[in-house]
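The values are calculated or read from the model by the stated rules, or taken from the named source; none is laboratory data. Values in this document were obtained by computation on a predicted structure and should not be read as measured data. Cβ: placed from backbone, ideal geometry, glycine included. Neighbour counts: every protein chain shown. In case anyone asks, the SASA skips ligands and DNA or RNA and just uses the protein heavy atoms, side chains included. Shrake-Rupley method; radii C 1.70, N 1.55, O 1.52, S 1.80 Å.
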Amino acid sequence: MVIVTLQRDKCIGCNYCVEMAPGQFQMSKKDGKSVLLKSIDNKGFHTLKSPDHNIEEACFLAEKACPVHIISVKTT
């Protein structure tokens, strides 16, 4: 299981996550912040739980590229 968490409120809209993992992230046209696709929002923390380990590498790259460190990736 790959668990990706995005703290969207602190997003600065740099677009690095979309460049690294376009299948999991996109930029909102409304506010210019990152959106974690197919995630569940819990008080500003957007979480995606996926059994697909093929997304793991791209999500780790997005986590490392984020200049404000609001992306977390864990595997189980």
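See the values below:
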read-out	value
Tabulated pairs, the range 9-25, first over 9 Å from A58 (Cβ atoms), second modelled with pLDDT under 95, C-beta under 7 angstrom, 6+ apart or interchain	D9/G44
Yes/no for K74 being part of a strand (DSSP E or B), touching a strand residue (DSSP E or B) at 6+ places or on another chain (Cβ under 7 Å) and surrounded by fewer than 16 Cβ atoms within 10 Å (Cβ to Cβ)	yes
V68 open to solvent by 40 Å² or more (accessible area, probe 1.4 Å) and of a type in the set (A, V, I, L, M)	yes
Hey, L6 of a type in the set (A, V, I, L, M) and free of Cβ contacts under 8 Å to residues at least 24 places away in the same chain or not	no
Subset of the range 3-34 (residues that are β-branched (V, I, T) and either at pLDDT below 95 or crowded, with 20+ Cβ neighbours inside 10 Å (or both))	V4
Residue ID - surrounded by the fewest Cβ atoms within 10 Å (Cβ to Cβ), chosen from residues in the range 36-58 that are in a strand (DSSP E or B) and either at pLDDT below 95 or touching a His at 6+ places or on another chain (Cβ under 8 Å) (or both)	I40
Long-range neighbours under 7 Å by Cβ, at least six apart or interchain, first residue closer than 13 Å to D9 by Cβ and charged (D, E, K, R) within the range 31-44, second open to solvent by less than 50 Å² (accessible area, probe 1.4 Å) and assigned to a loop (DSSP other than H, G, I, E, B)	K33/C11; K33/G13
